[in-house]
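Q: Just passing along the structure, written as structure tokens.
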Amino acid sequence: MTLYDSKKKLALAGVVCGIVAAILAFMGNPANMAFCIACFVRDMAGSLGMHQAEVVQYARPEIVGLVLGSFVISVATREYRSTAGSSPMIRFVLGMIIMIGSLVFLGCPLRMVIRMSAGDLNAWVALVGFICGVATGTIMLKNGTSLGRSHETGKASGTVLPILLAGVLVLAAAGLLKASEAGPGSLHAPVIASLIGGLVFGAFAQKSRMCFAGGIRDVILMKNFDLLTVIGSLFVVMLIFNVATGRFVVGFNTPGIIAHADHLWNFLGMYAVGFAAVLAGGCPLRQLILAGQGSSDSAVTVLGLFFGAALCHNLGIASSGTALNAETNEVVAGAATQNGKIAVIICIIVCFVIAFTNKRESVKK
């Protein structure tokens, strides 16, 4: 069974994924976050000691569930294919760039849409940057940019990342990993609910081919709006949830939602994410789903996400969110850091270098 062969099925997939995100938000996940690939991977990197930011350390079961959900459904429907060999180191770097851009903005494309549904105007600014980044990457693809073809490998190769992530969850259950006692990392839904939510989300994302970068790319390349249907229905569900629960607040500097109003860097951060996602073949969510169904190329990109998260917090690249001063009760505006600004510019330059130096042989001639 597939869900991408009709808009009705895609809309259903978006509704289910939106309900999952809403339930997890209601059960304890950070406000205005609900389900964020970049933030959750960052938290997992912290739980493994890859960075020392104590407020963002937690082995998120949702990430494990996404990959395992994709793995199980792809095996059950005979879509599992173990592949590898397409520019692995470049994909690793692209994973780093996606994470750096996300943490300068403070969210992946999925969280961008969730923030939009809660009235965060900064996310709408970032959407423009993301669309421009995807458009740039798409133009590069049309002009011959390619990271090459992947090849069939032994079936066991594609199971490595799912097994590693399952192992992380076991270590967390045994109390061997770090866990935040305050901040976003301390806010989470119950483990079982998070894992089940991730499994369901992963299965529906795999069957629907959900991809935030891919949806915009398809519109530009083929005038095909199908993939935007699943994203649009997810947005509607989250909008209804936020309005119904009083979480819909229109504004730029809103304390407590882990965001900032540094508009240029919201734009450029997500520009880098969109550009890199197109070159890599999918947004962060899509990379996890592809890794679950056997792609070692996507698994390498996911490892790049983890490494990028560590860099962001070890080198002061991640932005700060708007917050309330506990003593004065005054709003303290969040912002992109100087290191973050420099990193984003470097990331965008690297994307252009990758795009211009990786061409199909027929184009080179």
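Q: Taking segment 213-236 only, how many residues are open to solvent by 10 Å² or more (accessible area, probe 1.4 Å) and either within 22 Å of residue 78 (Cβ to Cβ) or hydrophobic (A, V, I, L, M, F, W, C) (or both)?
A: 11
Q: In addition: List the residue pairs whose Cβ atoms are under 7 Å apart, where the first residue sits in segment 13-28 and is closer than 14 Å to residue 202 by Cβ, the second is open to solvent by 30 Å² or more (accessible area, probe 1.4 Å) and not β-branched (Val, Ile, Thr), and the two are 6 or more positions apart or on different chains.
A: Qualifying pairs under 7 Å: 13/204; 16/204; 17/204.
Q: List the number of the failed condition for residue 6; all other conditions in (1) modelled with pLDDT of 90 or more; (2) surrounded by fewer than 24 Cβ atoms within 10 Å (Cβ to Cβ) hold.
A: (1) is the only condition that residue 6 fails.
Q: Which numbered condition in (1) farther than 18 Å from residue 45 by Cα; (2) open to solvent by 10 Å² or more (accessible area, probe 1.4 Å); (3) touching a Phe, Trp or Tyr at 6+ places or on another chain (Cβ under 8 Å) is the only one that residue 92 fails?
A: All conditions pass for residue 92, except number (1).
Q: A follow-up question, please. For segment 1-42, which residues satisfy the criterion of being charged (D, E, K, R) and more than 18 Å from residue 210 (Cα to Cα)?
A: 42
Q: Which of the residues spanning segment 236-262 are within 20 Å of the chain's Cα centre (by Cα) and modelled with pLDDT of 95 or more?
A: Once the filter is applied, which keeps residues that are within 20 Å of the chain's Cα centre (by Cα) and modelled with pLDDT of 95 or more, segment 236-262 yields 236, 237, 238, 239.
Q: Please work out if residue 155 is under 25 Å from residue 257 (Cβ atoms), of a type in the set (Lys, Arg) and open to solvent by 70 Å² or more (accessible area, probe 1.4 Å).
A: no
Q: Looking at 169, 147, 199, 165 in this structure, which one is open to solvent by less than 30 Å² (accessible area, probe 1.4 Å) and under 11 Å from residue 64 (Cβ atoms)?
A: Of the residues listed, the single one that is open to solvent by less than 30 Å² (accessible area, probe 1.4 Å) and under 11 Å from residue 64 (Cβ atoms) is 165.
Q: Considering each of 19, 98, 23, 90 in turn, give the residue that is under 25 Å from residue 159 (Cβ atoms), modelled with pLDDT of 95 or more and out of contact with any Pro (no Cβ under 9 Å at 6 or more places or on another chain).
A: 90
Q: Being crowded, with 24+ Cβ neighbours inside 10 Å and farther than 30 Å from residue 146 by Cα narrows it down to one residue among 115, 111, 42; which is it?
A: Just a single option satisfies the conditions, and that option is 115.
Q: Please return the ranges of helices (runs of 4 or more DSSP H) entirely within segment 263-364 where 3 or more residues are open to solvent by 30 Å² or more (accessible area, probe 1.4 Å).
A: Where helices (runs of 4 or more DSSP H) fall fully within segment 263-364 and carry at least 3 residues being open to solvent by 30 Å² or more (accessible area, probe 1.4 Å), they are 263-280, 296-314, 338-357, 361-364.
Q: Identify, from the list 73, 139, 131, the residue that is modelled with pLDDT of 95 or more, open to solvent by 10 Å² or more (accessible area, probe 1.4 Å), of a type outside the set (D, E, K, R) and over 17 Å from residue 276 (Cβ atoms).
A: 73
Q: In addition: Can you pull out the residues in segment 46-70 that are closer than 20 Å to residue 106 by Cα, under 14 Å from the mean Cα position of the chain (by Cα) and either of a type in the set (A, V, I, L, M) or open to solvent by 10 Å² or more (accessible area, probe 1.4 Å) (or both)?
A: Matches in segment 46-70: 63 only.
The values are calculated or read from the model by the stated rules, or taken from the named source; none is laboratory data. Please read all numbers here as calculations on a predicted model, not as lab measurements. Backbone-built Cβ (ideal geometry, glycine too); neighbour counts: all protein chains shown. When the accessible area is computed, the model is the full protein with side chains, heavy atoms only, and any ligands, DNA or RNA have been set aside. Shrake-Rupley method; radii C 1.70, N 1.55, O 1.52, S 1.80 Å.
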